[in-house]
1. Considering only the stretch B:132-139, I want to know if a residue exists there that is surrounded by fewer than 21 Cβ atoms within 10 Å (Cβ to Cβ), among the polar types (S, T, N, Q), modelled with pLDDT of 95 or more and outside any helix (DSSP H, G or I).
2. Are there any pairs, at least 6 apart or on different chains, whose C-beta atoms fall under 7 Å, with the first in the stretch B:21-50 and in contact (Cβ under 8 Å) with a residue 24 or more places away in the chain and the second among the charged types (D, E, K, R) and assigned to a loop (DSSP other than H, G, I, E, B), and if so, which?
3. Taking B:F178, is it surrounded by 21 or more Cβ atoms within 10 Å (Cβ to Cβ), free of Cβ contacts under 8 Å to residues at least 12 places away in the same chain and among the aromatic types (F, W, Y)?
4. Listed residues B:P54, B:P88; which is at pLDDT 95 or above, within 11 Å of another protein chain (Cβ to nearest Cβ) and under 21 Å from A:A403 (Cβ atoms)?
5. Examine the stretch B:122-131 for a residue that is surrounded by fewer than 22 Cβ atoms within 10 Å (Cβ to Cβ) and within 17 Å of the chain's Cα centre (by Cα), and state whether such a residue exists.
6. So B:L26 ticks every box in (1) closer than 19 Å to B:R15 by Cα; (2) out of contact with any strand residue (DSSP E or B) (no Cβ under 7 Å at 6 or more places or on another chain); (3) part of a helix (DSSP H, G or I) but one. Which box is left unticked?
7. Being surrounded by fewer than 20 Cβ atoms within 10 Å (Cβ to Cβ) and either of a type in the set (V, I, T) or under 16 Å from the mean Cα position of the chain (by Cα) (or both) is the filter here; which residues of the stretch B:1-23 pass it?
8. Report yes if some residue within the stretch A:378-387 is at the interface with chain B (Cβ under 10 Å from one of its Cβ atoms), crowded, with 20+ Cβ neighbours inside 10 Å, of a type outside the set (S, T, N, Q) and in contact with a Phe, Trp or Tyr (Cβ under 9 Å, 6 or more places away or on another chain); otherwise report no.
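The values are calculated or read from the model by the stated rules, or taken from the named source; none is laboratory data. Because the structure is predicted, anything quoted here is derived from the model rather than measured. Every residue, glycine as well, gets a Cβ built from its backbone with ideal geometry; the counts of neighbours run over all protein chains shown.
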Amino acid sequence: MHFKARAGEKLRDTRLQQALAKAQGKFVHTRAEAILELENFEAYRDAAASIRDRVIRDLDLYLEQFEKNASARGAVVHWAETAQDVNRIVCEIAELHGVRKAVKSKSMVSEECALNEALEAAGVEVVETDLGEYILQLAHEPPSHIVAPVVHKTKDEVSDLFEQKHKKPRKTGIPELCREAREVLRPHFLSADMGISGANFLIAETGSTLIVTNEGNGRLVTTMPRVHVAITGIEKVVPTLEDIATLLRLLPRSATGQAITNYVSINTGIKSRDDSDGPEHFHIVLVDAGRTKLLGGVMQSMLRCIRCGACMNHCPVYQNIGGHAYGWVYPGPMGSVLTPVYAGLENALDLPNASTFCGECAVVCPVKIPLPDLMRNLREQQTEQGLRSWQERLALKIWAWTALHPGIYAALSRIAARILKGMAGGGKLLHYLPGGHGWTDGRDLPAPEGRTFRELYRERRR
Amino acid sequence: MRVGLFVTCLVDLMRPRIGFAALQLLEAAGYEVIVPDAQTCCGQPGYNSGDRSPAKALALKVLREFAGCDYVVAPSGSCAGMIREHYPRLFQDEPQQLEKISELAQRTYELTDFLVNVAKLQNVLGSFHGSITYHDSCSGLRELGVKNQPRQLLAKTPGLQLKEMRDCETCCGFGGTFSVKFGDISTRMADNKCNAIQASGAAAVVLGDLGCMLNIEGRLRRRGDNKTRVLHVAEILAGEEGT
């Protein structure tokens with residue numbers, strides 16, 4: 001199914017619409033309040049964008065520095081060129097350490113790779129422990145948001161799902177539902193052989209991975225099992241802890257409107273003799289999966305992305321259709337750029353076009369990614385590669401030719417003004433327009449006044 | 001000083017009276033206004049559909065036609081934004097053209113922005129007896145910073161009462177060809193806008209862009225609201241609509 005068909009379905013899904021309406025208010029307003037706490041929010045955005053640009057410019061150097069420092073602390077760094085490589089590497093790690101069960105905290109990169117399926121095929125039980133991801137694992141659904149993966153579900157749907165899957169009396173309150181999830185998940189943390197996490201940042205100067213979470217599951221996943229695997233994109237590296245301090249002022253505020261998340265976990269190396277907890281083995285999988293293709297090109301600024309989700313939270317298209325309509329891991333404006341770039345331009349023709357270019361995504365982006373410009377560039381690539389429909393190309397050709405021939409353009413405008421007015425009868429509205437059902441299915445077209453401005457202007461001047 | 005009125009293709013075809021309202025306001029502000037007769041479109045449909053070449057050709061056409069004007073003013077944030085923000089990008093690799101295009105960009109203004117910040121207009125011509133709510137169109141707001149300018153002018157309009165709606169800065173769903181390509185999403189966005197307009201209790205929604213006007217009016221009428229008026233800010237300021 002294509003974007004358009006899915007979006008239409010989502011518009012008609014009343015439960016989804018309820019969930020989206022609620023989420024939108026929360027995300028937009030809490031962020032607006034949170035950024036007010038920073039008097040110089042714009043200066044932070046500039047600083048954050050420049051940190052990210054600095055990293056991207058010398059990505060190889062920072063990655064080498066990261067590998068050297070991580071290795072010095074006993075971690076093993078793996079390089080995965082493709083999504084398949086990620087799955088192979090993680091399955092090999094699981095086999096090496098005799099892993100039967102893995103607990104996982106949220107990782108969108110692992111969604112890019114469909115890692116859970118690969119591990120399950122290799123005989124490893126995988127348990128998602130982020131509450132949202134856990135709900136989705138029970139429901140066999142993909143996330144619809146990169147920060148709040150289950151934002152598309154209402155509380156009632158979760159109550160039904162828990163009752164059915166946990167076979168316990170139905171709970172209706174959020175605290176009771178959370179408690180039940182905790183009780184189910186706790187034994188898994190204790191019995192897992194491996195913990196899989198993502199990483200919001202990699203810190204080059206210390207060789208650490210950093211995750212921001214609110215539920216505490218991330219800390220359990222990264223410290224309790226004897227093996228910890230952190231998977232993240234190569235672009236997530238940041239030079240210093242000082243730089244992290246800047247980025248952390250923006251990430252939680254932009255994402256959830258928090259000054260800081262409940263947990264900020266920095267994982268450096270393996271458990272030492274003096275540590276009371278921590279993994280005996282720490283593997284860090286650094287993923288390319290299309291990222292290096294962006295280096296040095298027009299899409300490079302997309303690599304600044306710190307995955308806060310503000311662009312989708314503020315996108316009026318996303319707000320009305322939710323994340324599943326976008327068809328891949330990343331929804332909203334950032335997904336409309338990343339999906340065609342990573343999964344192929346021809347596989348996501350609608351996405352770069354599914355924007356009014358209202359520009360709000362670029363306004364809220366904490367690292368100043370010019371998302372509308374990137375989407376426009378993808379539209380240009382579609383045109384250059386002949387991927388637009390012949391009808392659209394023909395319409396554009398006709399429009400361009402007439403617009404460049406003012407006499408003919410003026411004559412056609414005069415005719416159109418009269419015909420459209422005539423079609424409205426005596427009224428001021430057209431209820432139907434041949435070939436224009438995209439407009440008239442949901443709206444009337446206000447009729448023109450009947451004569452063009454330039455026609456009238458010329459008359460008045462006489 | 002000489003102002004070239006960039007009428008915009010939608011005003012020319014659909015709402016000539018808005019063009020005349022703009023003309024009157026500019027003349028009242030003391031400018032000599034010329035209207036180049038061969039003007040057509042700013043090129044945005046091509047540019048935003050991923051085809052730069054017609055957009056560039058049209059940019060050069062606009063450059064030629066408005067060469068003799070000290071300022072270029074459009075009753076549209078979208079078209080003014082195209083000229084001001086996007087024309088220079090079209091020629092960023094052509095230094096010879098870029099200089100002239102950038103100069104054109106810098107002397108191009110959205111109507112209310114021009115009236116407030118350049119013309120420093122003290123009094124408006126019209127009056128309006130009733131309440132209005134203002135929709136901030138995206139390009140004007142985010143590309144040109146048009147936010148207080150129309151409100152400042154509306155505040156000078158006798159009889160007019162402004163009732164701000166919730167989410168006045170949220171896109172109405174027009175988006176040019178988006179409104180036809182993704183008609184159902186666009187309609188839903190227009191619906192949200194209509195809800196906000198109606199909840200404000202204002203008798204009219206006022207805005208500064210034709211695309212949004214047609215979209216919002218089209219949806220209001222389809223929903224059966226034949227009462228809420230949809231007016232361009234120039235119509236109110238020039239007094240074409242009066243009471």
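1. Our first condition is that a residue be surrounded by fewer than 21 Cβ atoms within 10 Å (Cβ to Cβ); within the stretch B:132-139, this holds for none.
Among the residues of the stretch B:132-139, not one is surrounded by fewer than 21 Cβ atoms within 10 Å (Cβ to Cβ), among the polar types (S, T, N, Q), modelled with pLDDT of 95 or more and outside any helix (DSSP H, G or I), which makes the answer no.
2. Close Cβ pairs (under 7 Å, with a partner that is among the charged types (D, E, K, R) and assigned to a loop (DSSP other than H, G, I, E, B)) amount to B:A21/B:E240.
3. Working: surrounded by 21 or more Cβ atoms within 10 Å (Cβ to Cβ): yes; free of Cβ contacts under 8 Å to residues at least 12 places away in the same chain: yes; among the aromatic types (F, W, Y): yes.
Spelling it out, B:F178 is indeed surrounded by 21 or more Cβ atoms within 10 Å (Cβ to Cβ), free of Cβ contacts under 8 Å to residues at least 12 places away in the same chain and among the aromatic types (F, W, Y).
4. Details: B:P88 fails: within 11 Å of another protein chain (Cβ to nearest Cβ).
Checking each option against the conditions leaves just B:P54.
5. Looking through the stretch B:122-131, none of the residues is surrounded by fewer than 22 Cβ atoms within 10 Å (Cβ to Cβ) and within 17 Å of the chain's Cα centre (by Cα).
6. For B:L26, the exception is condition (2).
7. First, pick out the residues of the stretch B:1-23 that are surrounded by fewer than 20 Cβ atoms within 10 Å (Cβ to Cβ): B:1-2, B:17.
Correct list: B:R17 only.
8. no
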